[in-house]
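Scroll down for the structure; my scribbles are underneath it.
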Amino acid sequence: MTEAELKTLPEGVQRVAAALQAAGHAHRPRMLDDAARTAQQAADALGIGVGQIAKSIIFRRKSDDAAVLVITSGDKRVDEKKVEAIVGKLGRADADFVKARTGFSIGGVSPVAHADLPVTLIDRELFRFGEIWAAAGHPHGVFKLTPTDLERLTGAPVADVVQAAA
């Protein structure tokens with residue numbers, strides 16, 4: 001992606017692209033034709049399984065109002081009790097909180113380049129896949145990575161944070 005092409009991208013995608021470049025990540029953000037606000041929409045647009053989508057879910061930690069980012073596999077649901085056992089009591093994060101703390105709107109929250117560094121956990125279920133895709137700061141933006149790349153880029157621990165299969 002050239003500098004001129006980068007400047008035409010939405011501001012959030014520019015931040016993600018700069019963070020990825022600074023970290024030496026091999027893949028740049030890609031803009032999809034249609035919005036991918038859900039894991040299923042992103043998977044369909046990319047022609048991959050929904051589990052390969054790294055969803056970024058934001059919670060609000062009650063004790064200090066910190067943003068808590070849980071990056072989970074698109075085919076799994078976060079188990080809030082498991083997350084609370086690691087980081088403390090959680091509350092809901094509304095759209096204004098998400099935008100203020102991350103710099104991204106819901107549907108485009110990237111695992112990197114946040115306005116304020118969140119408390120972050122990575123779902124171990126993502127390691128089922130050799131390749132995953134994450135939001136790149138905009139509902140149309142995504143980027144390719146591996147679960148190991150995600151660990152390196154975020155510095156976050158890997159944990160069991162999803163509901164058990166029924």
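The set of residues from region 120-154 being of a type in the set (Gly, Ala, Ser) and in contact (Cβ under 8 Å) with a residue 24 or more places away in the chain comprises Ala134, Ala135, Ala136, Gly137, Gly141. I'd like to check something: does region 129-142 contain any residue that is at pLDDT 95 or above, under 11 Å from the mean Cα position of the chain (by Cα) and either assigned to a helix (DSSP H, G or I) or polar (S, T, N, Q) (or both)? Within region 129-142, none of the residues are at pLDDT 95 or above, under 11 Å from the mean Cα position of the chain (by Cα) and either assigned to a helix (DSSP H, G or I) or polar (S, T, N, Q) (or both).
Val87 passes every criterion in (1) touching a Leu at 6+ places or on another chain (Cβ under 8 Å); (2) closer than 27 Å to Gln14 by Cβ; (3) free of Cβ contacts under 8 Å to residues at least 60 places away in the same chain apart from (2). In a residue-by-residue description of region 148-163, the property of being closer than 14 Å to Ile58 by Cα, outside any strand (DSSP E or B), in contact with a His (Cβ under 7 Å, 6 or more places away or on another chain) and at pLDDT 95 or above applies to no position. Kindly establish whether Lys81 is of a type outside the set (A, V, I, L, M, F, W, C), surrounded by fewer than 14 Cβ atoms within 10 Å (Cβ to Cβ) and touching a strand residue (DSSP E or B) at 6+ places or on another chain (Cβ under 7 Å). Answer is no for this residue.
Of all the residues in region 61-98, those that are within 27 Å of Thr148 (Cα to Cα) and in a helix (DSSP H, G or I) number 9.
Looking only at region 14-27, how many residues end up being surrounded by 15 or more Cβ atoms within 10 Å (Cβ to Cβ) and either under 16 Å from Val109 (Cα atoms) or touching a helix residue (DSSP H, G or I) at 6+ places or on another chain (Cβ under 6 Å) (or both)?
To start, the set of residues in region 14-27 that are surrounded by 15 or more Cβ atoms within 10 Å (Cβ to Cβ) comprises 14-17, 19-20, 25, 27.
Pick out the ones that are also either under 16 Å from Val109 (Cα atoms) or touching a helix residue (DSSP H, G or I) at 6+ places or on another chain (Cβ under 6 Å) (or both) and you get 14-17, 19-20.
Result for region 14-27: 6.
Lys55 meets the stated requirement of being of a type in the set (D, E, K, R), under 17 Å from the mean Cα position of the chain (by Cα) and within 15 Å of Pro147 (Cα to Cα).
Can you tell me which residues in region 99-111 are under 21 Å from Ala42 (Cα atoms) and surrounded by fewer than 23 Cβ atoms within 10 Å (Cβ to Cβ)?
Answer for region 99-111, where residues must be under 21 Å from Ala42 (Cα atoms) and surrounded by fewer than 23 Cβ atoms within 10 Å (Cβ to Cβ): Lys99, Gly103, Ser105, Ile106, Gly107.
Residue check: Ala95 meets all listed conditions (1) loosely packed, with under 15 Cβ neighbours inside 10 Å; (2) in contact with a Gly (Cβ under 9 Å, 6 or more places away or on another chain); (3) of a type in the set (A, V, I, L, M, F, W, C) but one, namely (2). Residues that are over 12 Å from Ser56 (Cβ atoms), among the aromatic types (Phe, Trp, Tyr) and buried (at least 17 other Cβ atoms within 10 Å of the Cβ) within region 126-142 comprise just one, Phe129.
The values are calculated or read from the model by the stated rules, or taken from the named source; none is laboratory data. All values derive from a computational prediction rather than experimental measurement. Positions of Cβ are generated from backbone atoms using ideal geometry, with glycine treated the same way; all protein chains shown enter the neighbour counts.
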